[in-house]
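Just below is one structure, and these are the notes that go with it.
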Amino acid sequence: MKILFVYPGIKGSDNYNLNKVFNKIFSSEPPSFGILAALTPPSYQIDMIDDSIQKIDYNQSCDLVCITVYTMNAPRAYQIADEFRKKGVKVVLGGWHPSALPNEAKQHADSVVIGEAEEIWPQLLKDFENSCLKSFYNQLRIVNPLKIPNPRRIFNKRHYLSASVQASRGCPNRCFFCAMTNRKYGRIYRTRPVKEVIEEIKNISPKFFQFNDNSLTIDPNYSKELFISLKNLNKKFFCNGNINILNRDENLLKLASDAGCCAWAIGLESVSQESINYLGKKTNKIKEYASTIKKIHDHGMMVLADFIFGFDTDNIDIFNKTKDMVSDMNLDLVTFNVLTPLPGTPLFDKLKKERRILTEDWSKYDFKTVVFKPKNMSPEELQNNTIEIQKIFSSYFNIMKNIARSIKFGFYPFVFATTINFQEKSAL
Ligand code: SF4
């Protein structure tokens, strides 16, 4: 029997041009598929399609299609699911979006997995073999990280120049817009044994990878142990972190740099402390931004930062204030997003209750399109000003400045900075 894992793009591979090239350079196979592949009996044949870079052949022979869904790609995922179901193939949907809206997902699937899939998967396969798939598989317990196997990387030699690794899950912070942590299993921080993570990294073929953990600063002692063990593997990577620990723990920065870290991705979110407090991100103190960026640079790593506009505490002045402050920060990549109320978050529930949601066309929940009524400006003002500020920081002049700065950090940071800066520009 054959299982086909499908990673949906936003619109399908035909719709990508330049982005398709960038997708190939720094995208990687989703670790969730590799983990499920590792938990699948060897009697199954397994294949995977990445819809953003490959064309889907709906006539191929397969018995079970499993699709991972997040909000922005949900319409495309449903389209793919419907096509396979028309051919009589059973379809399972899982991921953050079906976990938040299982009844919606069920309209396009034979089964919906709610929550983490590792413990559910063996039973789901047995039910599939016995032709008695359940409509919903609900993971009620937190999955023990010791039970998460190393992914079976059967896909990465085919298309990806990069890989992704997950050493930990969850984040105890409760930023009210964050889809990751607004479910019970998302809030509990769990780490995998360092030895297993290192074993996994040793076995990935690309030299460059990303840690897709929510943050590698939640337990600095764990991350230090990980970085020390990584030091001699001759790999390059980037990871996510929070500003508070990165500001005060220079030993962590040194160990990360020695381990091959090229860049830290940090959700700076806003230059307004009032907005930071409003969104509940206790890790961020505006006054620590500039000094932290300098410290990370001093240790030979780049800083990739995200900002969000549209909080109820933001008014139209926030754009000029952000422009002035960010210009002095020397960030290596800066991305400006609009606040996006993902289903399943307190933010979505609040805006829905206040009748401020403008559309539930999930393809517009791309962090670039305004989908709700902001409090202190019009949706058009929020939309246009966000695009304008991104254009300023993605101008050729600023991109060249970022690339020039990256040269001193080495070859991989240079390639990485070039790719991500042009990728951001091409998305405008
Ligand atoms: S710190 Fe990051 S991962 Fe954690 S809740 Fe906030 S936004 Fe989400």
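The values are calculated or read from the model by the stated rules, or taken from the named source; none is laboratory data. In this text, all values refer to a predicted model and were calculated from it rather than measured experimentally. Glycine also receives a Cβ, built like all others from the backbone with ideal geometry; neighbour counts cover every protein chain displayed.
Before moving on, here are some points about what is shown:
- Matching residues in the range 179-209 - criterion: being away from the ligand (no atom under 16 Å from the Cβ) and part of a helix (DSSP H, G or I): 194, 195, 196, 197, 198, 199, 200, 201, 202
- Residue within the range 109-129 that is under 27 Å from the mean Cα position of the chain (by Cα) and of a type in the set (S, T, N, Q) present: yes
- Residue within the range 222-229 that is within 16 Å of the ligand (Cβ to nearest atom) and surrounded by 20 or more Cβ atoms within 10 Å (Cβ to Cβ) present: yes
- Close pairs from the range 115-132: first under 27 Å from residue 169 (Cα atoms), partner modelled with pLDDT of 95 or more and of a type in the set (Ser, Thr, Tyr), Cβ under 6 Å, at least 6 apart: 120/137; 124/137
- Subset of the range 97-124 [outside any helix (DSSP H, G or I), buried (at least 20 other Cβ atoms within 10 Å of the Cβ), of a type outside the set (A, V, I, L, M, F, W, C) and modelled with pLDDT under 95]: 115, 116
- Given (1) modelled with pLDDT of 95 or more; (2) more than 21 Å from residue 411 (Cβ to Cβ), number of the condition residue 279 does not satisfy: (1)
- Residues that are in contact (Cβ under 8 Å) with a residue 40 or more places away in the chain and assigned to a loop (DSSP other than H, G, I, E, B) within the range 259-275 comprise 270, 271, 272, listed in sequence order.
- Filter result for the condition that a residue is touching a residue at least 60 places away in the same chain (Cβ under 8 Å), farther than 28 Å from residue 264 by Cβ and of a type outside the set (Lys, Arg), over 381, 360: 381
- For residue 282, the conditions (1) assigned to a loop (DSSP other than H, G, I, E, B); (2) loosely packed, with under 15 Cβ neighbours inside 10 Å; (3) away from the ligand (no atom under 16 Å from the Cβ) all hold with the exception of (3).
- Whichever residue in the range 316-369 is part of a strand (DSSP E or B) and out of contact with any Gly (no Cβ under 6 Å at 6 or more places or on another chain) and, among such residues, is surrounded by the most Cβ atoms within 10 Å (Cβ to Cβ): 336
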